[in-house]
Each structure stands twice: as structure tokens, then as C-alpha cells.
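Colleague: Sharing a structure here in C-alpha cells format.
Taken together, the values in this text are just the output of simple stated rules run on the coordinates, not laboratory data. Treat the numbers as computed from the prediction; the structure is a model and nothing was measured. FYI the Cβ positions are ideal-geometry reconstructions off the backbone, even for glycines, and counts take in every protein chain you see.
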């Protein structure tokens, strides 16, 4: 599938990208090649292939949540570069 320069400019506009004419032609060629590869993949028979969310059998291994005591406040603030009373002191974010 060959994209036109106008289609590439529209995609760039949607992505808020400013492209030169040379970049439009480069991306036109590259995106067209990518779409051709997807067309080839669409021809593969996948009727007997089960849908999966991952290519491998990875599963998250999570520990059970167990309530426990918090760290002591002095331990938490021990390495703070600057503190005010029992809080971290940070620089102003808004001027």
C-alpha cells in the first residue's frame, strides 16, 4: 500500500509534527513499506492460533499484601538532603 504525500502530511498534522518536503518523502516511503509488511502478515492463516496477550508464558509473580508497621519517621528522613520539622523540604515547583 503506497501512501500519498498528502496522507503523510495529514498523519504528521495529527501527531503535531512539522515536516519538510524531504522528510515527507522519507516517511512516505518508510510508512508505505511498514504497511506492505502488515498486508503480508494479514495473509497468514491464524484460524487455529489461540489469542494471547504475550508471546511467551510470562506471568506476574506478586506477593500477598500483608499489613505491617511503617518505618520510623527518623529513619525515613535520615538521608533527606533538607528537612523541615518532620517533612522533606523541597524547592519550589511553581515560581
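Colleague: In the set (i) 177; (ii) 94; (iii) 281, which value of volume of the Cα convex hull per residue in Å³ was calculated from the structure you see?
Modeller: (iii)
Colleague: At a Förster radius of 22 Å, what calculated FRET efficiency corresponds to the Cβ-Cβ distance of residue 66 and residue 87, to the nearest 0.05?
Modeller: Once the sixth-power term is evaluated, E becomes 0.20.
Colleague: Let me ask you something else. Under a plain spin-label model, where a point goes 7 Å from the Cα along Cα-to-Cβ, how far apart in nm are residue 73 and residue 32?
Modeller: 6.8 nm
Colleague: Next up: Which angle from 0 to 90°, rounded to the nearest 10, does the C-alpha axis of helix 5-14 make with the longest principal axis of the chain?
Modeller: With rounding to tens, the tilt is 20 degrees.
Colleague: At 7 Å along Cα-to-Cβ for each site, give me the label-to-label distance between residue 52 and residue 20 in nm.
Modeller: For residue 52 paired with residue 20, the spin-label model returns 4.5 nm.
Colleague: Where does helix 21-42 land angle-wise versus the long Cα axis of the chain, in degrees 0 to 90, nearest 10?
Modeller: So the helix axis and the longest Cα principal axis differ by about 90 degrees.
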